[in-house]
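Heads up: the structure comes next, in structure tokens.
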Amino acid sequence: MTVKALVPMIVTDRQAALKEFYTRYFGFKVIFEHPSYLGLRAPGADGDVELGFLAASEGHPAFTGQGVSLALRVEDVDAEYERLLSEGVTMTREPMDNPWGDRSCMCLDPAGLT
């Protein structure tokens, strides 16, 4: 088997807010938009880096905001933290050095993902 892409799909009733959040603050592009599904692609990524947002429905309850975190690797975590903070994004953790060797910060998206 050859995996061509890994697309995390979050079930939500907040597709419009998530579209605005990821396109505005992170430069994602809409690659598919339908009432039942929103597909976004990261800019300048090597390969396919996508997020999918599936409309909540019977049998597909909306994500509750617990137990999932998305990591976006960037060149300068501190600069991105300051930029997002200045634009009003809810930051949940200041930049810090991690024991595995990188540096990270965290924000909150409209679906409750950190």
Test: residue in region 57-64 that is modelled with pLDDT under 95, within 26 Å of THR2 (Cα to Cα), open to solvent by 80 Å² or more (accessible area, probe 1.4 Å) and under 16 Å from the mean Cα position of the chain (by Cα): no
In region 1-27, the residues that are more than 12 Å from the chain's Cα centre (by Cα), of a type in the set (Lys, Arg) and more than 13 Å from LEU38 (Cβ to Cβ): LYS4
Selection within region 32-56 - within 15 Å of GLN15 (Cα to Cα), in a strand (DSSP E or B) and open to solvent by less than 90 Å² (accessible area, probe 1.4 Å): TYR37, LEU38, GLY39, LEU40, ARG41, GLU50, LEU51, GLY52, PHE53, LEU54, ALA55
Among residues of region 97-114, those that are under 15 Å from LEU72 (Cα atoms) and part of a strand (DSSP E or B), counted: 5
Top-ranked residue of region 77-108 - restricted to ones that are under 18 Å from GLU20 (Cα atoms) and charged (D, E, K, R), ranked as surrounded by the most Cβ atoms within 10 Å (Cβ to Cβ): GLU80
PHE21 among the aromatic types (Phe, Trp, Tyr) and at pLDDT below 95: no
Enumeration of residues in region 1-37 that are over 16 Å from CYS107 (Cα atoms), in contact (Cβ under 8 Å) with a residue 60 or more places away in the chain and of a type in the set (A, V, I, L, M, F, W, C): ILE10
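The values are calculated or read from the model by the stated rules, or taken from the named source; none is laboratory data. This structure is a prediction, so every number in the text was calculated from the model and none was measured. Cβ coordinates were reconstructed from backbone atoms using ideal geometry, including for glycine residues, and neighbour counts include every protein chain displayed. SASA here: full protein model, heavy atoms, side chains in, ligands and nucleic acids out. Shrake-Rupley method; radii C 1.70, N 1.55, O 1.52, S 1.80 Å.
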